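What follows is one structure encoded as structure tokens, with my remarks underneath.
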Amino acid sequence: MTAELKLLVASIVLGLMHLIASSHLISWQRGYRWTASSREQDVPPLRGVAKRVDEATTNFLETFPLFAALVFVARVTDRHSVLTVLGSHFYFWGRLGYVLAAAAGLSLVRSVLCWNIATIGILLFVVALLLEYSTNYA
């Protein structure tokens, strides 16, 4: 298994951890009766760590499909390079740092450092695949 695929699996585990943590934090704040209800009634907005982790989960779910698609494109086309491996590491470690910084309330670290690292990881993949495409079809 390539490094990129291993980090994709690690990212899937991280995504599951996001969902579990967010779900429990929301349930602790709103109560498990609310969790088991139809959730049709109005509720106050989330606050504190529950809100921050829930927002981090939403952000993860917005970026993960891009990362997963790029890993699969690299695998199917057998395009692996230092850039794809670095991109995988940047994405995973940036996303892990993002949720930890969000939970801790470190908004600048979360937004400026971690989000950008993960996004650079995605961009490294795009550059690696485009470079490969341009050298094959130039």
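The values are calculated or read from the model by the stated rules, or taken from the named source; none is laboratory data. Keep in mind that what you see is a predicted model, and the values were worked out from it rather than measured. All Cβ positions, glycine included, derive from the backbone under ideal geometry; neighbour counts span all protein chains shown.
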From (1) within 12 Å of the chain's Cα centre (by Cα); (2) farther than 13 Å from SER11 by Cβ, pick out the condition that doesn't hold for ALA68.
(2)
Considering only helices (runs of 4 or more DSSP H) fully contained in region 1-112, which possess at least 1 residues that are in contact (Cβ under 8 Å) with a residue 24 or more places away in the chain?
3-30, 48-76, 82-104
Could you check, for region 49-57, whether at least one of its residues is modelled with pLDDT under 95, basic (Lys, Arg) and out of contact with any Gly (no Cβ under 9 Å at 6 or more places or on another chain)?
no
Of everything in region 10-42, what is surrounded by fewer than 12 Cβ atoms within 10 Å (Cβ to Cβ) and within 24 Å of the chain's Cα centre (by Cα)? Give them in sequence order.
VAL13, LEU16, ILE20
Just to check your reading of the model, which residue among LEU124, LEU106, LEU86 is surrounded by 21 or more Cβ atoms within 10 Å (Cβ to Cβ) and more than 14 Å from the chain's Cα centre (by Cα)?
LEU124
Of the residues in region 1-23, those that are modelled with pLDDT under 95 and out of contact with any Ser or Thr (no Cβ under 8 Å at 6 or more places or on another chain) come to MET1, THR2
